[in-house]
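Undergrad: Below you will find the structure I want to go over with you.
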Amino acid sequence: MSRASATGSPAAVLFPVCWKRCVGFSHLAAWPAHGRRGLSSSTPRKGNSADGASLFSARATGPRSAQALFPLLDKPFAFFGHSLGALVGFEVARELRRQYDVYPVRLFVSSGHAPQIPRRGLPIQALPEREFLEELHSLNGTPIELLAHRELMEIMLPILRADFALYEDYVYVPDFPLNCPIMAFGGLEDRKVSHRDLEAWRDQTSVAFSLRMFPGDHFFLNATASPLLQVLSRELQ
């Protein structure tokens, strides 16, 4: 069974990086306003706990998210995932195919290396607080005012560490390519994810692949939300 051939404008399913209310996600929340129903999915955690030890693995999020999303996918749908969200969206798309023979009309991946590319660099999930905050600041995705908010960061740090653990501990398992187009986006000044990392998503689809680069770093979408939304809307017309 496939819902990709159903009529109607595709629903937008967003897989944001880390905290659901991150800067990038707030910009992309405008996407459903372009005449499409919007759904969002955050990283599943046991008991809604902020304890990093309670996290499932990145691959284990696929079955749970697929089961939760499937009843809502009564029309064509597209996935957009940024950074960690790109891996989560990919695994959910795989699981929807595996369980229900359902797939998105498009998989949009942003600032996320292809799943088969080994992760580079040292893990930061267990760094001391000062060094961990410095790494967050270097990504340019968290406002300095938020990083300086001691009480709020005490709440958010376990969640952020858990999300980095999800990304850093991800293990790719080879499978057949997805039967849906993949479109990748990246920042020209991104020091974490290269053009080659994004180009490698081509191997994960049996149909069309395209890559679009924008000015900016890992969180390029903070400054280019409008042109990015125009591309997304045009691709789903």
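Every number here is computed from the coordinates shown, using simple stated rules; none is lab data. Just so you know, these numbers come straight off a predicted model, no measurement behind them. Every residue, glycine among them, receives a Cβ derived from its backbone with ideal geometry; neighbour counts consider all protein chains shown.
Undergrad: For the ranges 215-224, 63-72, what's the packing order if you count other beta-carbon atoms within 10 Å of each residue, average per peptide, and put the highest first?
TA: 215-224, 63-72
Undergrad: Computed FRET efficiency, Cβ-Cβ of Gln237 and Asp169, R0 45 Å: what is it to the nearest 0.05? Write down the numbers at each step before the final one.
TA: Values: r = 38 Å, r/R0 = 0.85.
Once the sixth-power term is evaluated, E becomes 0.75.
Undergrad: According to the Kirkwood expression over distinct Cα-Cα pairs, how big is the hydrodynamic radius of segment 75-137, in Å?
TA: Values: mean 1/r = 0.0733 Å⁻¹.
After inverting the mean inverse Cα-Cα distance, the result is 13.6 Å.
Undergrad: Still on this structure, I have one more. What ranking do Leu127, Leu188 get, fewest neighbouring Cβ atoms within 10 angstrom at the top? Walk me through the intermediate numbers first.
TA: Numbers: Leu127 15, Leu188 11.
Ranked by crowding around the Cβ, least crowded first: Leu188, Leu127.
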